[in-house]
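Down below is the structure, laid out as structure tokens.
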Amino acid sequence: MAASTLGSASGPLHLGLYGLCRRRPSPGLWACARRLPVPAGSRRSVVAASGPGASGTDCYCMELLRKRDYEGYLCSLLLPAESRSSAFALRAFNVELAQVKDMVSEKTIGLMRMQFWKKTVDDIYSDNPPHQPVAIELWKAVKRHNLTKRWLMKIIDEREKNLDDKVYRNIQELENYAENTQSSLLYLTLEILGIKDLHADHAASHIGKAQGIVTCLRATPYHGTRRRVFLPMDICMLHGVSQEDFLRKNQDKNVRDVIYDIASQAHLHLKHARSFCKSVPVKAFPAFLQTVVLEDYLKKIQQVDFDIFHPSLQQKNPLLPLSLYIQSWRKRY
């Protein structure tokens, strides 16, 4: 299994969009980290999170997100000001987990990293976060918004299972992966916005599943370069398509039919999510701005007749930041 929110599953998928706000470039990640306070006598300290210079942790999370999940970065910028830093922390946490698979050469090392984050979450809820920028900011977010620990642990557990590189046997397995990662992230974002609503949760579940499916599609060309295919096996078999067809970048109709079926499932989840829009509190809409990104990709892949390898699908959309802003202003998702 290999799909991730930000394309860590799709490799360093830098979804660079032109800046929503004009500002000076942020300092590098390590430059931010160097400004962190060093606790006297110990490498672990809660006090360090609120001491002089602690803003460096916030800078670190923003820079990590800007470099590794630019779409998520832009969506977070459009959240209410009082929720923004917590959203950056949450998404930076997701980035840290998502990039483990691409950064380690052995599964054992990846498991050690996941164990570190499990212990970190336990320590955060014991008011004893490690002296690590993302952990400190996540601790602040947990304290500020009383975030549910279960959703954080679900994300870690699912990412840990994903280290095995198992193929999705069917679309339901892909949706379960997306539910436990992308949807959990959205449930936590709703908590940051102070939303507790059943309809909002239902919408978040469908949007998270759509996100996971689209990410799997977007990752396919990258996975092919590593001789991996993670598209659901049941749909491939239905159309008589083998993994080798994708590795050879076959563009026959049956290959496009596989992509059509998978993309249609993502579209269906978006449609279901939007069916709740009249019941979902307006305050929850900013959490769902990622629908703009998903719809943009699904429209583009339709325009190229579901050719998953078409070069245009790898190109940045310079109008996407504007589309996000307009959707936010219209209070829609």
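The values are calculated or read from the model by the stated rules, or taken from the named source; none is laboratory data. None of these values were measured; they are calculated from a predicted model. Cβ: placed from backbone, ideal geometry, glycine included. Neighbour counts: every protein chain shown. Accessible surface is based on the protein model in full, side chains and every heavy atom, while ligands, DNA and RNA are left aside. Shrake-Rupley method; radii C 1.70, N 1.55, O 1.52, S 1.80 Å.
From the gyration tensor of the Cα coordinates in the stretch 243-333, what semi-axes in whole Å does the equivalent ellipsoid have, largest first, with each one equal to sqrt(5λ)?
Over the Cα atoms of the stretch 243-333, the ellipsoid semi-axes are 30, 16, 8 Å.
Working out 0.36 nm times the residue gap between Ser105 and Arg150, then minus their Cα-Cα distance, what length gain in nm do you get to one decimal?
Taking 0.36 nm per residue and subtracting the Cα distance, the gain is 13.3 nm.
Hey, which of these cross-link pairs are over 23 Å Cα-Cα: Lys271/Lys316; Lys143/Lys283; Lys119/Lys154; Lys101/Lys166? Could you put the intermediate results ahead of the total?
Working: Lys271/Lys316 25 Å; Lys143/Lys283 21 Å; Lys119/Lys154 14 Å; Lys101/Lys166 13 Å.
Distance filter (> 23 Å) returns Lys271/Lys316.
Would you please give the residues with an amide H less than 5 Å from that of Val104, counting only those at least 5 places away or on a separate chain, with H modeled from the backbone geometry?
Counting only residues 5 or more places away or on other chains, the set is empty.
Give the accessible area for Trp151 in Å² (nearest 10); use a 1.4 Å probe, count only protein heavy atoms, and leave out ligands, DNA and RNA.
Per-residue accessible area (Trp151): approximately 50 Å².
In the stretch 234-324, which trypsin sites (Lys or Arg not before Pro) fall in coil by DSSP and have 10 or fewer other Cβ atoms within 10 Å?
Lys278
Show me, for the stretch 282-290, the HN-Hα J-couplings you get by feeding each phi into the Karplus relation (A = 6.51, B = -1.76, C = 1.60, θ = phi - 60°), rounded to Hz, glycine and proline as x.
4, 4, 7, 4, x, 5, 10, 5, 4
In the stretch 185-241, which chymotrypsin sites (Phe, Trp or Tyr not before Pro) are in a loop and have at most 16 other Cβ atoms within 10 Å, using DSSP for the loop call? Mind showing how you got there, number by number?
Values: sites: Tyr187, Tyr222, Phe230; in loops: Phe230.
Of the chymotrypsin sites (Phe, Trp or Tyr not before Pro), not one in the loops of the stretch 185-241 has a Cβ with at most 16 other Cβ atoms within 10 Å.
Using each residue's phi in the stretch 142-155, evaluate 6.51 cos²θ - 1.76 cosθ + 1.60 at θ = phi - 60° and report the 3J(HN,Hα) Karplus result to the nearest Hz, with x for Gly and Pro.
So the J values, rounded to whole Hz, are 4, 5, 6, 10, 6, 5, 6, 4, 4, 5, 5, 5, 4, 4.
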